Amino acid sequence: LGSPERCFTAAQRRAIQLRDGTCIIPGCKIPAAMTEIHHVIPHSEGGPTHTDNGVCLCWWHHRYLAASGWAIRMVRGAVQIMAPPWLETGARKWRNVTKSRTRLTDAVERKNG
Ligand SMILES: [Zn+2]
């Protein structure tokens with residue numbers, strides 16, 4: 001579900017929100033419908049406006065992502081995050097955010113051709 005535009009389309013937002021459910025930062029319960037879509041690889045660095053490069057972040061976590069130290073990456077369409085050094089003592093490691101990856105993204109993709 002890709003697009004050359006910088007802004008995610010309504011269909012892309014819907015697919016990402018269905019996948020993530022809430023802001024992806026652990027412990028944050030802001031519903032996906034109230035979040036903003038964050039480019040994991042920044043658009044300015046060539047990151048595509050695609051569901052595999054977008055995650056739900058609430059306003060606060062989106063604004064302060066860099067300062068807070070959370071790291072986000074996508075692995076084959078699944079979101080992984082790494083806690084900031086001030087929060088996680090010892091070795092930092094990547095964790096899956098979505099417990100069970102659904103096929104909703106693919107369903108939406110098929111529906112929209
Ligand atoms: Zn949040």
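Listed conditions (1) open to solvent by 30 Å² or more (accessible area, probe 1.4 Å); (2) closer than 27 Å to Glu5 by Cβ; (3) outside any loop (DSSP other than H, G, I, E, B); (4) at pLDDT 90 or above are all met by Asp106, apart from (4).
For the range 11-36, a residue qualifies if it is open to solvent by less than 50 Å² (accessible area, probe 1.4 Å), among the small types (Gly, Ala, Ser) and within 22 Å of Ser68 (Cβ to Cβ), and the qualifying residues are Gly21, Ala32.
Do you know which of the residues in the range 1-10 that are open to solvent by less than 40 Å² (accessible area, probe 1.4 Å) and within 7 Å of Thr49 (Cβ to Cβ) is modelled with the highest pLDDT? Walk me through how you get there before you give the answer.
Just the residues of the range 1-10 that are open to solvent by less than 40 Å² (accessible area, probe 1.4 Å), to begin with: 1, 3, 8.
With within 7 Å of Thr49 (Cβ to Cβ) added as a condition, the list becomes 3, 8.
On the way: Ser3: 61, Phe8: 93.
This residue is Phe8.
The values are calculated or read from the model by the stated rules, or taken from the named source; none is laboratory data. Since we're looking at a predicted model, the values are computed, not measured. Positions of Cβ are generated from backbone atoms using ideal geometry, with glycine treated the same way; all protein chains shown enter the neighbour counts. All accessible areas refer to the heavy atoms of the entire protein, side chains included, with ligands and DNA or RNA removed. Shrake-Rupley method; radii C 1.70, N 1.55, O 1.52, S 1.80 Å.
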